[in-house]
1. Before we move on, is residue 47 open to solvent by less than 40 Å² (accessible area, probe 1.4 Å), small (Gly, Ala, Ser), within 16 Å of the ligand (Cβ to nearest atom) and in contact (Cβ under 8 Å) with a residue 12 or more places away in the chain?
2. Using beta carbons and a limit of 9 Å, which pairs, at least six apart or on different chains, have the first residue in segment 60-85 and among the polar types (S, T, N, Q) and the second one not in a helix (DSSP H, G or I)?
3. Regarding residue 95, is this residue away from the ligand (no atom under 14 Å from the Cβ), open to solvent by 80 Å² or more (accessible area, probe 1.4 Å) and modelled with pLDDT of 95 or more?
4. Those residues that are loosely packed, with under 15 Cβ neighbours inside 10 Å and not polar (S, T, N, Q), I need them from segment 8-19; list them, please.
5. Within segment 115-130, how many residues are in a loop (DSSP other than H, G, I, E, B) and either closer than 18 Å to residue 89 by Cα or modelled with pLDDT under 95 (or both)?
6. If residue 104 passes every condition in (1) open to solvent by less than 30 Å² (accessible area, probe 1.4 Å); (2) more than 12 Å from the ligand (Cβ to nearest atom); (3) of a type in the set (A, V, I, L, M, F, W, C); (4) in contact with a helix residue (DSSP H, G or I) (Cβ under 7 Å, 6 or more places away or on another chain) but one, which one does it miss?
7. For residue 40, indicate whether it is open to solvent by less than 60 Å² (accessible area, probe 1.4 Å), polar (S, T, N, Q) and more than 16 Å from the ligand (Cβ to nearest atom).
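The values are calculated or read from the model by the stated rules, or taken from the named source; none is laboratory data. What you see is a predicted model, and the numbers here were worked out from it, not measured in a lab. Cβ sites come from the backbone with ideal geometry, for glycine too, and all protein chains shown count toward neighbours. Areas reflect the complete protein model, heavy atoms only, side chains present, ligands, DNA and RNA absent. Shrake-Rupley method; radii C 1.70, N 1.55, O 1.52, S 1.80 Å.
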Amino acid sequence: MRLHHQKHHQAYVTNYNNALEQLEAAIAKGDATAVVRLQSAIKFNGGGHINHSIFWKNLKPVNEGGGEPPHSSLGWAIDADFGSLEALVQKMNAEGAALQGSGWVWLALDKGFKKLTVKTTANQDPLVTKGANLVPLLGIDVWEHAYYLQYKNVRPDYLKNIWKVIDWKYASEVYEKETA
Ligand SMILES: [Fe+2]
C-alpha cells in the first residue's frame, strides 16, 4: 500500500499537474489543438487522483476497525438493495474479477433512483463518467499494481481479502449526507 500510495498515486498527481500547466499555456496561446490533445492526459491522471483519494479513505487496518460491517443507515440500505452485505461483497468481487484489463469496481449511490448500485469503470475513468447521478461510496482498485506484490496475478484472492481491511465509515458518512 505504501508503494501504491507513494509511487502509483503520486505519478497520477504529478502527471495531472503537468497536464494542467500545459493546458494553461495552451489556453494562453489560444492553441485549440493543444487543448484538445491534453484531454486524455487530464482525464486519466485526474481520474487516477480522484479514484485513489477515495480508495485510501475506504481502508483501515484490522486493529483500527477495518472489516467491521456498516451499522448505520448504509447497512440497512445494503440489505434492502442487495439482500445482505455478503451478497454485495459477492457481486462486487464477481464484477471486479470479470473486469477486463485495469479499472475499478464501485459501490455507488444513484441519486436519481435513490438506490445503491454496483458499477465498474475502465482504466482511471472516475465514476462520474458513468452518470452524473452516481456518488462513489466505496471503490476497489483492480489494477494489477494494487495486488501484484502480495497476490501476484491472482485478482480474486486480493478481492476476497480486501474486505478484511475495508473501513465503512467514509461510505456511511457520504451516504448519510447524500440521503439526508
Ligand atoms: Fe491504484
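1. yes
2. 72/168
3. The answer is no for residue 95.
4. Matches in segment 8-19: 11 only.
5. Within segment 115-130, residues that are in a loop (DSSP other than H, G, I, E, B) and either closer than 18 Å to residue 89 by Cα or modelled with pLDDT under 95 (or both) number 0.
6. (2)
7. When the stated conditions are applied, residue 40 does not pass them.
Conditions tested, residue by residue: (1) within 14 Å of the ligand (Cβ to nearest atom); (2) touching a helix residue (DSSP H, G or I) at 6+ places or on another chain (Cβ under 8 Å); (3) not assigned by TED's automatic domain parsing to the domain that holds residue 39.
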site: 111; (1), (2), (3): no, yes, yes
site: 128; (1), (2), (3): no, no, yes
site: 140; (1), (2), (3): yes, yes, yes
site: 168; (1), (2), (3): no, yes, yes
